[in-house]
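Asks: One structure, pasted below without further comment.
Bear in mind these aren't lab numbers, they're just calculated from the coordinates by the rules spelled out. No experiment lies behind these values; they were computed from the predicted model shown. Cβ placement follows ideal geometry from the backbone for every residue including glycine, while neighbour counts extend to all protein chains displayed.
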Amino acid sequence: AQSVTQLGSHVSVSEGALVLLRCNYSSSVPPYLFWYVQYPNQGLQLLLKYTTGATLVKGINGFEAEFKKSETSFHLTKPSAHMSDAAEYFCAVRGRANDYKLSFGAGTTVTVRA
Amino acid sequence: DTGVSQDPRHKITKRGQNVTFRCDPISEHNRLYWYRQTLGQGPEFLTYFQNEAQLEKSRLLSDRFSAERPKGSFSTLEIQRTEQGDSAMYLCASSKPGGSSYNEQFFGPGTRLTVL
């Protein structure tokens, strides 16, 4: 079984500051890991994913995340926050092989201060 | 628009009524998923289909819930005898098998259900 813990339900950053969202996972098999973003009244949009290979993955809108197996973490970062980054962010894990369902964390709401 | 679509976007109903939601996946996607998202929580898996076959159901899917995908295209999710605890956003996602996409799931905008 897979599960995800997102540390911090709310994060507030100044425009231009570093954005850091924390995600730790639990998985009985090597996982696939994802970060999704959700804007108000919209569905989820994939930011980036880790499947195999390079542990530092880059996504859309300047976000990146690093898979650290030893720490069971997949933290999301962006060097410089923009006002448009204000949204809710979800970390998700999926088992490999025939386990297709995603298990999501509770989400982190990001607000960006001008 | 070639994304996942859901209808209706909002539904208000009275406790005890039945409701049905529809999801139209991206046309070449053979897998379709339903999730439920309550306020302040991440989405929770309900069920998924591969073509018309329902391959997995969560324990969250009580006997009041039923999902179908009769021709392997659109899907419906029906809730019978709704309860206030059913109030949530119901999300649909679809994916295509294998390849470099690693089963990336594309989400629709959701149907927000309010049970009074």
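Asks: Let me know the mean shielding of B:42-48 by other chains, meaning the per-residue number of their Cβ atoms within 10 Å of its Cβ.
Replies: Mean inter-chain Cβ contacts per residue within 10 Å come to 6.
Asks: A follow-up question, please. To make sure I understand, if each residue's beta carbon is the centre and we count other beta carbons within 10 Å, what order do A:Ser28, A:Ser70, A:Ser80 fall in, fewest to most?
Replies: By the 10 Å Cβ count, ascending, the order reads A:Ser70, A:Ser28, A:Ser80.
Asks: Turning to a different aspect of this structure: Using a 10 Å cut-off around each Cβ, can you sort B:Leu60, A:Leu102, A:Leu21 from fewest to most neighbouring Cβ atoms?
Replies: B:Leu60, A:Leu21, A:Leu102
Asks: Can you tell me the order of B:32-39, B:6-13 when each peptide is scored by its average per-residue count of other Cβ atoms within 10 angstrom, highest first?
Replies: Listed from highest to lowest mean packing, they are B:32-39, B:6-13.
Asks: Could you tell me the largest-minus-smallest coordinate of the C-alpha atoms of chain B on each of the three principal axes, in descending order and whole angstroms?
Replies: Largest first, chain B extends 44, 24, 23 Å along its Cα principal axes.
Asks: While we're on this one: Between Rg and the Kirkwood Rh of the stretch A:28-110, both from Cα atoms, what is the Rg to Rh ratio?
Replies: 0.96
Asks: A follow-up question, please. Give me the Kirkwood hydrodynamic radius of the stretch B:48-91 in Å, from all C-alpha pairs, to one decimal place?
Replies: 11.5 Å
Asks: Here's another thing I want to ask about it. Based on other C-beta atoms within 10 Å, arrange A:Ser103, B:Ser5, A:Ser84, A:Ser26 from fewest to most.
Replies: A:Ser84, A:Ser26, B:Ser5, A:Ser103
Asks: Could I ask something else about it? If one puts a single equal scatterer on every Cα of the protein assembly as shown and applies the Debye formula without solvent, what log₁₀ I(q)/I(0) results at q = 0.10, 0.12, 0.14, 0.17 Å⁻¹?
Replies: The computed values of log10 I(q)/I(0) come out as -0.46, -0.66, -0.89, -1.25.
Asks: Around A:Val93, under 11 Å between beta carbons, what's the net of Lys plus Arg minus Asp minus Glu among the other residues?
Replies: For residues surrounding A:Val93, the net value is +3.
Asks: Quote the FRET efficiency, to the nearest 0.05, computed for B:Glu83 versus A:Ala106 with a Förster distance R0 of 30 Å and r equal to the Cβ-Cβ distance.
Replies: Working from the Cβ atoms, E equals 0.85.
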